[in-house]
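Trainee: Supplied in structure tokens, the structure appears directly below.
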Amino acid sequence: MQSSPPDLLTMLTELIATPSVSCTAAHWDQSNLGVIEKLESWLSGLGFQTEVMPIPGHPEKANLIATLGSGPGGLVLSGHTDTVPFNAELWNSDPFKLTEKDGRFYGLGTCDMKGFFPIAIEAARKFTDKTLKQPLIILATADEESSMNGARALAEAGYPKARYAVIGEPTSLRPIYMHKGMMMEQVKVKGSAGHSSDPSLGASALDAMHSVLGELISFRKELQRDYQNSDFKVSVPTLNLGCIHGGDNPNRICGACEVEYDLRPLPGMSADLLRESVHKRLLPLEQQFGVSISTEPLFPGIPAFNNDKHSELVTTAERLTGYQAEAVAFGTEAPFLQSLGMDTIVMGPGSIDQAHQPDEYLAFDQIKPTVAVLEQLIARYCF
């Protein structure tokens, strides 16, 4: 027989102590199954029906779908189980030991975003002895910080389905109805090496890359001229030239060079069309410099998210929190849940300013207000 979950502080302590880093670098990447198993045990102990969904091609990764009640509508409370990598030497405490100090809980994932799960479970605990008219679904996903493969698997499977969804990312309990997309792209230039004393002996990938960079900068200017959305603090799409690698010695013509960039499109901008535009701009440079140029995404990308600013869930969250809904630049799993037909917002405890930082923390004073807001959302949408 399953037992009820422990208190909120114990749950948070155990989740922080369970490593679940996800990363595109294999030496950092870890399984999230330890976190999934804890959540599954706690939620089944409260009477939730639980399903562990393996991620295709990743046997060490899984989502958890925990459902209380049934019906065609209901509410999803969603979070991701993974954290980013960390620099232990920059922390003033053990990243995997929950540390209380100065009104804060310190630990890797406290705000981004393992801390949301004990809070959601605490809110759900109030209703487990009642008959729900619509389901309450607590959703825990894999690999949000790297590939979004967990959310992609849900979208491809077409469930869970509910009427409303709250993703508990750290927003200081402010409802978020819109965010930019994220693309990480690579351009590779392949020339031919030769002795630097005679340029005709090779084709310089670096010379060609100089023009590639110029085209990307021109493309950025055009995007920012043609697309604006004043709801965002940075009202235009951004294109960041993140890193470049090429060549091996001053006296050799550079035979290969590559650049990686980050593009944050506004809602309504197509990632496929953006990629096609870059490819077309760079194609003439091949003949000009006698090189080959290839473009490819580093990962599939995150679509921009845009909910109706006056939707039922947005206006309800504004009323309950006292904050007006906002737009943010960072990406989340929201577009994937929205694609399942749910009225979706991003709203949770803690600040994004603490995410991905040494000494990440969740302030004590964020916990009770979040529990209270989630309890009111459950009462509204599940009864």
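The values are calculated or read from the model by the stated rules, or taken from the named source; none is laboratory data. Fair warning: this is a prediction, and the values are worked out from it, not measured in the lab. Positions of Cβ are generated from backbone atoms using ideal geometry, with glycine treated the same way; all protein chains shown enter the neighbour counts. Accessible surface areas use protein heavy atoms only, side chains included; no ligands, DNA or RNA. Shrake-Rupley method; radii C 1.70, N 1.55, O 1.52, S 1.80 Å.
Trainee: Could you check how many residues of region 271-287 are of a type outside the set (D, E, K, R) and either at positive phi or open to solvent by 50 Å² or more (accessible area, probe 1.4 Å) (or both)?
Mentor: Result for region 271-287: 5.
Trainee: Check whether at least one residue in region 91-113 is more than 18 Å from Asp359 (Cβ to Cβ), of a type in the set (S, T, N, Q) and not in a strand (DSSP E or B), and report yes or no.
Mentor: No.
Trainee: Is region 45-57 home to any residue that is assigned to a loop (DSSP other than H, G, I, E, B), in contact with a Lys or Arg (Cβ under 7 Å, 6 or more places away or on another chain), of a type outside the set (A, V, I, L, M) and within 23 Å of Tyr381 (Cβ to Cβ)?
Mentor: No, region 45-57 has no match at all.
Trainee: Moving on to the next point. For region 134-156, which positions are over 16 Å from the mean Cα position of the chain (by Cα) and closer than 16 Å to Ala66 by Cα?
Mentor: Scanning region 134-156 gives Gln134, Pro135, Leu136, Ile137, Ile138.
Trainee: Answer yes if at least one residue in region 260-267 is closer than 30 Å to Ala151 by Cα, basic (Lys, Arg), touching a residue at least 60 places away in the same chain (Cβ under 8 Å) and open to solvent by 40 Å² or more (accessible area, probe 1.4 Å), and no otherwise.
Mentor: Checking region 260-267: at least one residue is closer than 30 Å to Ala151 by Cα, basic (Lys, Arg), touching a residue at least 60 places away in the same chain (Cβ under 8 Å) and open to solvent by 40 Å² or more (accessible area, probe 1.4 Å).
Trainee: So, one more: Of the residues Phe383, Phe330, which is more than 18 Å from Leu77 (Cα to Cα), out of contact with any Pro (no Cβ under 6 Å at 6 or more places or on another chain), modelled with pLDDT under 95 and in a loop (DSSP other than H, G, I, E, B)?
Mentor: Phe330
Trainee: A further question follows. Going through Phe364, Phe330 one at a time, which residue ends up being in contact with a strand residue (DSSP E or B) (Cβ under 7 Å, 6 or more places away or on another chain), over 30 Å from Ser70 (Cβ atoms) and open to solvent by 50 Å² or more (accessible area, probe 1.4 Å)?
Mentor: Phe364
Trainee: Do the conditions hold for Gln354, that is, is it within 29 Å of Pro237 (Cα to Cα) and open to solvent by 30 Å² or more (accessible area, probe 1.4 Å)?
Mentor: So Gln354 fits the description; yes.
Trainee: While we're here: Do we find that Val234 is crowded, with 16+ Cβ neighbours inside 10 Å and under 29 Å from Ser146 (Cβ atoms) in this structure?
Mentor: Answer is no for this residue.
Trainee: Which residue pairs have Cβ atoms under 7 Å apart, sit 6 or more places apart or on different chains, and have a first residue in region 309-323 that is more than 23 Å from Ser230 (Cβ to Cβ) and assigned to a helix (DSSP H, G or I) and a second that is open to solvent by 50 Å² or more (accessible area, probe 1.4 Å) and not aromatic (Phe, Trp, Tyr)?
Mentor: Every condition considered, the pairs that remain are Thr316/Arg380; Leu320/Gln376.
Trainee: Follow-up. If only one of Val212, Val187, Val166, Val236 is among the β-branched types (Val, Ile, Thr) and in contact with a Phe, Trp or Tyr (Cβ under 7 Å, 6 or more places away or on another chain), which one is it?
Mentor: Val236
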